[in-house]
Amino acid sequence: MNSSLNSTNCNNSTVPPFPVLSPASQKELTTWIATTLTVCVVGILNNILLLLVTWSAKLQRSGVSFLLFHFVGVNLLMCLITGPAAIFLVLIKRHGWHIPSNICYYVTTLNTINISVVNWSDVGLAFNRFVALYFPHSYKAWATTPVNIAIIACSWFIPIALTMPFTVAAGGQSVALSPIGLCALNPSGVLGSFLLVCASYLPYAISGAVALLILWQCFTISRPKVGTEDRRFEASARGRVAHRRLNMAKMLLFIFLWTGLCVLPAYVVTHTKYPQWFGPASVSVLWIRTSTACQFAFTPCILLLSSPEYQRRAKLIMYGRLFAVADLEATSRNTKRHASKRVVQESIQEKFSQG
């Protein structure tokens with residue numbers, strides 16, 4: 001998320017002109033625009049599908065469903081708004097249209113907050129799974145609606161607080177605009193490094209640590225068990241709940257690995273400072289944004305492939321039967337509720353009649 005070389009600080013009043021590109025670079029730029037827009041469109045469809053899946057009647061009763069719905073929602077924002085905004089800025093510069101010199105303050109603020117919200121939302125999900133696996137008896141107390149709302153609020157408050165110094169140019173922090181039209185943060189000094197680490201590296205480190213703990217728990221639970229008590233536990237309702245929580249934890253582990261794969265090119269290119277990637281007429285650096293867009297576009301695929309329940313719901317949606325099934329489930333729950341009330345009333349009446 002930090003700025004590239006040959007960028008102009010947006011505190012200046014001038015906007016760098018769009019560089020003269022070779023025919024090969026022009027073709028590469030057109031290919032990048034088409035590819036990245038395609039990834040964003042696919043991501044919009046994938047995330048909308050998963051939003052419908054996670055908001056279904058049955059899954060709303062899950063403690064993690066609310067956090068997962070928010071996580072998918074911010075991924076959708078990346079594909080719907082943040083990703084296309086960066087593409088359109090490049091197009092505007094390419095066609096020579098006038099843009100204000102402070103445009104990157106808006107684009108970069110939007111991009112940085114959104115990416116950081118995704119990262120910290122992943123931390124919230126990881127915390128939820130950690131409690132579910134290591135403290136299952138206390139999970140219900142940590143999966144209430146107030147706790148989930150607090151986790152979501154923190155996932156927004158932290159990124160906004162970390163981004164504001166760049167947005168208002170406080171403490172020597174700023175944003176930069178490259179000639180090709182790429183906006184990025186321009187951290188300065190110890191404060192800038194601290195803000196950048198907290199916005200990007202820290203949530204990855206936390207999610208990675210929890211992923212290792214989840215991996216260890218998966219290994220522990222998956223070891224063969226012997227004995228009558230173990231078989232009874234596996235067949236019990238408690239065992240099924242533990243198995244479902246473990247599957248959700250594995251899902252988050254796969255998300256972490258996929259995220260690491262998508263952001264790795266950005267970290268490698270940024271920190272090795274390849275000159276050929278950061279020249280004033282370099283188009284190749286834009287592919288980093290495509291790699292990052294893949295993270296938000298295809299994360300729903302990992303969620304769907306990791307959960308048979310999500311797959312079943314997705315099939316119902318695609319066949320247009322989800323809402324009918326949801327209504328049927330609601331009716332079934334109401335029928336069971338009324339039936340249990342009748343049983344209780346009949347039991348009370350029977351006791352009175354016997355007395």
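The values are calculated or read from the model by the stated rules, or taken from the named source; none is laboratory data. These numbers come from a predicted model, not from an experiment. All Cβ positions, glycine included, derive from the backbone under ideal geometry; neighbour counts span all protein chains shown. These accessible areas exclude ligands, DNA and RNA; they are computed on the full protein's heavy atoms, side chains included. Shrake-Rupley method; radii C 1.70, N 1.55, O 1.52, S 1.80 Å.
Spin-label model, I149 to L212: label points 7 Å out along the Cα-to-beta-carbon direction sit 3.6 nm apart. Per-atom-type breakdown for the stretch 14-138 gives carbon and sulfur 72% of the accessible area (1.4 Å probe, protein chains only). A Förster radius of 35 Å combined with the Cβ-Cβ distance from A24 to A205 puts the calculated FRET efficiency at roughly 0.35.
Qualifying chymotrypsin sites (Phe, Trp or Tyr not before Pro) in the stretch 56-158, where qualification requires a DSSP coil assignment and no more than 16 other C-beta atoms within 10 Å, comprise W97. Overall size of the stretch 29-136 from C-alpha positions, given as principal axis extents largest first: 58, 25, 20 Å. With both labels modelled 7 Å from their Cα along Cα-to-Cβ, the Y106 to M164 distance reads 2.1 nm.
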